[in-house]
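The values are calculated or read from the model by the stated rules, or taken from the named source; none is laboratory data. Quick caveat: nothing in here was measured; it's all calculated off a predicted structure. Here the Cβ is made from the backbone with ideal geometry for all residues, glycine too, and neighbour counts use every protein chain on show. We work out accessible area using only protein heavy atoms, side chains counted, and drop any ligands, DNA or RNA first. Shrake-Rupley method; radii C 1.70, N 1.55, O 1.52, S 1.80 Å.
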Amino acid sequence: MLQKIAIVGGTHGNEMSGIQLVSNWIRHGIPSVYCDMDIDCLFANTDAMDANVRFLEEDLNRQFTPQKLAAAPSCLEARIAHELNAKLGPKGASDYDLVIDIHNTTSSMGATLIILEADEFHVQLARYVKKHMPEANILVEDEKPPQEHPYLCTLGKRGLMIEVGAQPQGLLRADVYSLTEKMAEVILAFVQLYNQQSVPALPPCDAFRFIENISYPLDQQGQRLAMIHPQLQDSDFDALNENMPVFQNFDGSVEQWQGDTVYPHFVNEAAYHKLHVAFATANKTQL
Ligand SMILES: [Zn+2]
């Protein structure tokens, strides 16, 4: 039984689809069909929202490891993380049964549901989302225990992220907003059924399981040697097979993928540009 739910926007202050959806649900109420649930809608980083930036000092969505929450806060976002831990947590002992954190990406990931574990609840949720939103992608990030992730959504007993793109930072696209709203409502519809113990039997669904981040090639001075190859750009969740182009080097040559077939995502995500992360890889799996 999931009684207490939090829906969060503005964890990144320039991701407007989640901010707008949460704003609309705060102003007008959540859709009445979900009114039997105890749902709190809130903004995470209002300082960053006011400035229309991802964060002011450090990425808020990397502040929620047990270690960071135990240490004295050293920046604005760490202080906000401590406040949110008091409000939505404490992490590991929260009253909130589910925290849904809404993001968007500059990558062409469509509507993606990110889950941090593949237990019975999340497998059923993934299948339900896929059935009611076949265009959605399911991304499993269970390379470590859920509580070790630095994400805001790990404050709750369970945590999910909605990640929709492509949408530039700092503005709102109607198509991205609609997908975000639809995925949020499908998740709430699932929770309602789960609470009523009436989730229908659903067939296994395709999903992607995170493997690793791939960095841009750099020279010895740390200067970028390449950009994403046009064939990989906007090809999130398409198969990347051996010898397919990955990077277009500035010297005119092309770097090809070596190794097993993977499924790139977060391809050329703006927020990862400074970190030299070119894309993330995943396996295809079934849940
Ligand atoms: Zn985000």
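Return the only residue of Arg54, Arg27 being surrounded by fewer than 16 Cβ atoms within 10 Å (Cβ to Cβ), out of contact with any Ser or Thr (no Cβ under 7 Å at 6 or more places or on another chain) and among the basic types (Lys, Arg). Arg27 is the lone residue from the list that is surrounded by fewer than 16 Cβ atoms within 10 Å (Cβ to Cβ), out of contact with any Ser or Thr (no Cβ under 7 Å at 6 or more places or on another chain) and among the basic types (Lys, Arg).
Go through the residues of the range 67-84 one by one and say whether even a single one is surrounded by 17 or more Cβ atoms within 10 Å (Cβ to Cβ), at pLDDT 95 or above and polar (S, T, N, Q). Within the range 67-84, none of the residues are surrounded by 17 or more Cβ atoms within 10 Å (Cβ to Cβ), at pLDDT 95 or above and polar (S, T, N, Q). Scanning for something in the same structural domain as Ser23 (by TED's automatic domain parsing), in contact (Cβ under 8 Å) with a residue 40 or more places away in the chain, aromatic (Phe, Trp, Tyr) and part of a loop (DSSP other than H, G, I, E, B), does the range 142-153 turn up at least one residue? Checked the range 142-153: at least one residue is in the same structural domain as Ser23 (by TED's automatic domain parsing), in contact (Cβ under 8 Å) with a residue 40 or more places away in the chain, aromatic (Phe, Trp, Tyr) and part of a loop (DSSP other than H, G, I, E, B).
For beta carbons closer than 8 Å, sequence separation of 6+ or different chains, a first residue in the range 11-25 that is of a type in the set (S, T, N, Q) and a second that is part of a helix (DSSP H, G or I) and open to solvent by less than 10 Å² (accessible area, probe 1.4 Å), the qualifying pairs are Thr11/Gly18; Thr11/Leu60; Thr11/Asn61; Thr11/Leu152; Asn14/Ala48; Ser17/Val176; Ser17/Thr180. The sole residue among Ala207, Ala271 that is away from the ligand (no atom under 16 Å from the Cβ), modelled with pLDDT of 95 or more, surrounded by 14 or more Cβ atoms within 10 Å (Cβ to Cβ) and among the small types (Gly, Ala, Ser) is Ala207.
When restricted to residues that are out of contact with any helix residue (DSSP H, G or I) (no Cβ under 9 Å at 6 or more places or on another chain) and closer than 13 Å to Arg79 by Cα, the range 47-68 contains 0.
Quick grid of which residues meet (1) within 14 Å of the ligand (Cβ to nearest atom); (2) within 18 Å of the chain's Cα centre (by Cα):
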site	(1), (2)
Leu42	no, yes
Asn61	yes, yes
Lys68	no, no
Ala72	no, no
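Residues checked against (1) over 21 Å from Asn61 (Cα atoms); (2) more than 16 Å from the ligand (Cβ to nearest atom); (3) not assigned by TED's automatic domain parsing to the domain that holds Leu139:
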position: Leu155; (1), (2), (3): no, no, no
position: Met161; (1), (2), (3): no, no, no
position: Gln167; (1), (2), (3): no, no, no
position: Val191; (1), (2), (3): yes, yes, no
position: Gln197; (1), (2), (3): yes, yes, no
position: Gln223; (1), (2), (3): yes, yes, yes
position: Gln233; (1), (2), (3): yes, yes, yes
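Quick check: anything in the range 74-91 part of a loop (DSSP other than H, G, I, E, B), within 16 Å of the ligand (Cβ to nearest atom) and in contact with a Phe, Trp or Tyr (Cβ under 7 Å, 6 or more places away or on another chain)? The answer is no, given that none of the residues of the range 74-91 is part of a loop (DSSP other than H, G, I, E, B), within 16 Å of the ligand (Cβ to nearest atom) and in contact with a Phe, Trp or Tyr (Cβ under 7 Å, 6 or more places away or on another chain). Among the conditions (1) open to solvent by 60 Å² or more (accessible area, probe 1.4 Å); (2) touching a helix residue (DSSP H, G or I) at 6+ places or on another chain (Cβ under 6 Å); (3) not aromatic (Phe, Trp, Tyr), the only one that Leu218 does not satisfy is (2). Just to be sure before I move on: is Ile114 touching a Ser or Thr at 6+ places or on another chain (Cβ under 7 Å), touching a residue at least 24 places away in the same chain (Cβ under 8 Å), open to solvent by less than 60 Å² (accessible area, probe 1.4 Å) and in a strand (DSSP E or B) in the structure I sent? Considered against the rule, which asks whether it is touching a Ser or Thr at 6+ places or on another chain (Cβ under 7 Å), touching a residue at least 24 places away in the same chain (Cβ under 8 Å), open to solvent by less than 60 Å² (accessible area, probe 1.4 Å) and in a strand (DSSP E or B), Ile114 comes out as no.
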